[in-house]
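Everything on this sheet refers to the single structure shown next.
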Amino acid sequence: MNRYLLKVVSLVIGFAFLYFPILTLIAYSFNDNKRVMVWKGFSFRWYGKLFQNEQIIEAFVISIKIASLSATFATILGVMIGYSLTRISKIPARPFFIFLSSSPLVMPEIILGLSLLLFFISSNHLIGFPSSKGQLTVLISHITFSVAFVAVIIQSRLSSYDKNIEEAAQDLGTIPNKIFWKITAPVILPSIISGWLLAFTLSLDDLVVASFTTGPGANTLPIVVFSKVRLGLSPEVNALSAIIMLFVIMAAIAYYFVNRSNIQK
Amino acid sequence: MTLLSAHGKVSPSIFLMNNFLRKQNFWFVFTPYFWLVLFFFIPLALIFKISISVSEWGMPPYRDLLDFSDGNIKINSTLSNYAFIFSDPFYLRSYLNSLSLAFTSTLICLLIGYPIAFYVAKSKESTRNLLLILLIIPFWTSFLLRVYAWKVILQGSGIINAILMKFGIISEPLSMLYNHYTVVLGVVYTYLPFMILPLYGYLVKFDLNLIDASNDLGARPLRTFIRVILPLSLPGIIAGSMLVFIPVVGEFVIPELLGGSDKLYFGKIIWQEFFVNRDWPIASALAMSGIIILVLPIIVFQLMFAKYNFKNE
């Protein structure tokens, strides 16, 4: 009984701590007062304002565009790395390759951002590319730091499944290309999807690296939000948080049911 | 030249296949290799180069390392940037502040996160999946907005102050924002899921019969925890601690939004040197020494730990 109580108490306190700030923010997004914290009455006023705010809408579109492109490229490169490290024995300077593909995981964002910015400026001086900082430079940076995360996911999946299946197919005379697409790819498909989703979230969430590498016309959503909340509170950002939370919760519920029906099968 | 496969059977297509395989493998290795050298390694090398350059007015604001102007090569390299940051206690203090922030918050995350992960992992399967989803939701929610939420809550007119005043505990609002305690709170809050999820991953694989076995053999609960559960969840503890410690060392956003001027952190100093003072060589030297002091030990530790894990398997 005592132990049961301990369990319930730690779970309740833990989850209350995780959810209290988010729920408070959502509650205040319906506050009809310009001063965020003084309650005046229930309204959708800030949601209206949010959808009229062109700066936020534009930033949202840019963020989604960069995140989906970056996730796609990072997934392709990440699959290549995961495959190389588990299936190809002859990699020139293999330890260096491992270093390159894993150390972005432990590199503080601020150092990555700084190094990429200095690189873009120097390469612009030397060969004129990239011609200016903007969406392209943010995209390149996001791909670079997401690749390592995708590679880790793919690598752990590839090293845990039975290599003999591929070897059997090879002995039966299957073309390597076909082996990859018919056997390896379907097996790692769930990992590819979770890798893509992780890369997408990483890009959508990134403020530091994007702040360094952005330029005119490439203000992502976190950059705009940060500039709005840096010095004070913003009721529009409260409304934005509530909408994002709604999406996340819906995605989580969908995931829960898909997962459950998979288990039942 | 052999047309025999590894298993000794002759295969007519084997030569063609190997050729194809070699081509495919080449591109699979070459493409990410090239990308990472170009956009990860060269930028890091560039930081190193600028960190040993002499700073000067102009664009770019440093002198070239090699100077060919007089017909003979002159090397303009200096360690003075490093000497400067290590002689000024201001920079040293910011490193120490960042390290102590990372250490404190990792410890607190572990203390809060372990019981949650443990009890979620030990629940019945139906409750467990639901609780897991509840753990993942904050993880997916924007990091920036979760930090901002605390700024809203802790305001002078915020909800905490309102509750405390309503119950007569305080008579006027406390100023809870903009000090290093708020920074720790913000860090613990945003990084807690990073601690819980890997811990959960190890604890859920854990065989509950081991606890019963230990109890049956007469160990008391605390002893069971220390001698059985803790060692078996050690990889999870290390993985979770890494996921919290490493990014927190370079954290810039949380101190900027919730912190005050009482403590300066490594991430913010680099930001200021680069964007405010426009001193590229100093900013690069800071980043470089950050890599050497903070990141290299972690990489070495990880390699050692990977070896230890490998031996134990």
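What follows draws every value from the coordinates through simple rules; no lab data is involved. None of the values given here were measured: they were computed from a predicted structure. Neighbour counts are summed over all protein chains in view; Cβ atoms, including those assigned to glycine, are modelled from backbone coordinates with ideal geometry.
Here the convex hull built on the C-alpha positions of segment B:89-278 has a volume of 165 cubic angstrom per residue. Across segment B:153-170, computed HN-Hα scalar couplings (Karplus, 6.51 cos²θ - 1.76 cosθ + 1.60, θ = phi - 60°) run 5, 8, 3, x, 9, x, 5, 5, 4, 4, 5, 4, 6, 4, 8, x, 6, 10 Hz from first to last residue, x flagging Gly and Pro.
For chain A, the membrane-span-like helices by this rule, meaning whole DSSP H stretches whose C-alpha atoms cover at least 18 Å of axis and whose Kyte-Doolittle mean is 0.0 or above, are A:2-29, A:54-87, A:109-127, A:135-160, A:185-205, A:235-264; this says nothing about an actual membrane.
In order along segment B:269-275, phi translates into HN-Hα couplings of 5, 4, 4, 5, 4, 7, 8 Hz, rounded to whole numbers, per the Karplus curve 6.51 cos²θ - 1.76 cosθ + 1.60 with θ = phi - 60° and x for Gly and Pro. With K and R counted +1 and D and E -1, the other residues having a Cβ less than 13 Å from that of B:Ile85 yield a net charge of -2. How fast does segment A:141-183 diffuse by Stokes-Einstein, in µm²/s, taking the Kirkwood radius from C-alpha pairs at 10 °C and 1.306 mPa s? D, rounded to a whole number, is 132 µm²/s. In summary, the convex hull built on the alpha carbon positions of the protein assembly as shown has an orientation-averaged projected area of 34.8 nm². Of the three principal axes defined by the Cα atoms of chain A, the extents in descending order read 74, 68, 33 Å.
On a per residue basis, the convex hull of the C-alpha atoms belonging to segment A:134-255 measures out at 134 Å³. Look at the alpha carbon pairs under 8 Å that are at least 6 residues apart: their mean separation over the length of chain A gives a relative contact order of 31 percent.
Over the Cα atoms of segment B:124-179, the radius of gyration divided by the Kirkwood radius equals 1.21; this is the Rg/Rh ratio.
Here segment A:235-257 and segment B:169-239 have alpha carbon centers that stand 27 Å from each other.
Computed over every Cα-Cα pair of segment A:22-110 and binned at 5 Å starting from 0, the pair-distance distribution P(r) comes out as 2, 10, 11, 12, 11, 9, 9, 8, 8, 7, 6, 4, 2, 0 percent.
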